[in-house]
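Some notes on the structure that comes next.
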Amino acid sequence: MRNVKLHPQAKAEAQHSAEYYEIRKSGLGDDFANELEQALNKISFRPLLSPIIEGAYHSYSPKRFPFQAIFRSNSTEVFAVAIAHFSRHPEY
């Protein structure tokens, strides 16, 4: 298992998304945060199983929410550079 770190902008994107979902429906923001935590946990165990999107960057997309975690990894760490919603950030 590798340590997971998030870029400050990725943290802000995740927080913004959780707030958005919470406004839509009470409890949905927590569901999003839990889904993200589970996704990052899965990535920490097997980052290289996620598809490469460019260079050393991989993408992981959970099933319930339309977002992807963009990250790179080495032998000790996973560094998430973005937590991007598909329709709000399709360029990722």
Place a +1 charge on the Cβ of each Lys and Arg in the chain and a -1 charge on the Cβ of each Asp and Glu, then give the dipole magnitude about the Cα centre in debye, rounded to the nearest 20.
220 debye
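Suppose all protein chains stay in the model; what accessible area per residue would a 1.4 Å probe give for the chain, in Å²? Mind showing how you got there, number by number?
Working: 5870 Å² over 92 residues.
The answer is 64 Å² per residue.
Can you tell me, using C-alpha contacts under 8 Å and at least 6 residues apart, the relative contact order of the chain as a whole percent?
On the way: 142 pairs, mean separation 30.8, N = 92.
So the answer I get is 34 percent.
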In the Gaussian network model of the chain, springs joining C-alpha atoms below 10 Å, which of Ser50, Ser26, Ser73 carries the largest mean-square fluctuation?
Ser26
Please work out how much length the chain gains when fully extended from Glu54 to Leu28, using 0.36 nm per residue of separation minus the C-alpha to C-alpha distance, in nm with one decimal.
6.2 nm
Around Glu77: net Lys/Arg minus Asp/Glu count, Cβ-Cβ under 12 Å
+3
Projected onto the charge dipole of the chain (+1 at Lys/Arg Cβ, -1 at Asp/Glu Cβ, origin at the Cα centre), which of Tyr60, Ala84, Ala18 gives the Cα projection farthest towards the positive end?
Tyr60
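Can you give me the relative contact order of region 1-51 as a percent, contacts being Cα pairs under 8 Å and 6 or more apart?
Numbers: 26 pairs, mean separation 20.0, N = 51.
For region 1-51, the relative contact order is 39 percent.
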Nearest 10 degrees is fine. How inclined is helix 28-45 to the longest principal axis of the chain, computing both from alpha carbons?
10 degrees
In nm, spacing of pseudo-spin labels at Asn41 and Met1 (7 Å Cα→C-beta vector)
0.8 nm
Once the chain is represented by equal point scatterers at the alpha-carbon sites, with solvent omitted, what log10 I(q)/I(0) does the Debye formula produce at q = 0.11 Å⁻¹?
-0.28
Roughly how many Å² of Arg72 are accessible to a 1.4 Å probe, to the nearest 10?
100 Å²
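The values are calculated or read from the model by the stated rules, or taken from the named source; none is laboratory data. These numbers were taken from a predicted model, which means no experiment stands behind them. No Cβ is skipped: glycine too gets one built from the backbone with ideal geometry, and neighbour counts run over all protein chains shown. When the accessible area is computed, the model is the full protein with side chains, heavy atoms only, and any ligands, DNA or RNA have been set aside. Shrake-Rupley method; radii C 1.70, N 1.55, O 1.52, S 1.80 Å.
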